[in-house]
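Remarks on the structure that follows.
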Amino acid sequence: MNQPTAPGSDIGDKTDLRPLRDANTLRELVFNINEGIYISKPDGSVLDANPALIDLLGASSLEEVQAHKT
């Protein structure tokens, strides 16, 4: 059964394929994707956000995003 693999992997070279279940692959994908992604607590406070979301919000750092209260 074929496993989903990281974007940009060279399908011709099977040694470059990495399963999406791999934590490092997922971390790299989330960090490099152009879509804003974040993790929050049930109360809405942001625990972590990728660079795309930080940029989208016009913030200069994760700490700035975390300090913002709605």
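At-a-glance table
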read-out	value
Heavy-atom accessible surface of segment 16-70: percent carbon and sulfur, 1.4 Å	54 percent
Peptides 34-41, 49-56 ordered by average Cβ neighbours within 10 Å, highest first	49-56, 34-41
Estimated inter-spin distance, Ser60 and Lys41, nm [label 7 Å along Cα→Cβ]	2.6 nm
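The values are calculated or read from the model by the stated rules, or taken from the named source; none is laboratory data. Note that this is a predicted model, so its numbers are computed, not measured. All Cβ positions, even for glycine, are placed from backbone atoms using ideal geometry, and neighbour counts span all protein chains on display. The area values use the complete protein model at the heavy-atom level, side chains included, leaving out ligands, DNA and RNA. Shrake-Rupley method; radii C 1.70, N 1.55, O 1.52, S 1.80 Å.
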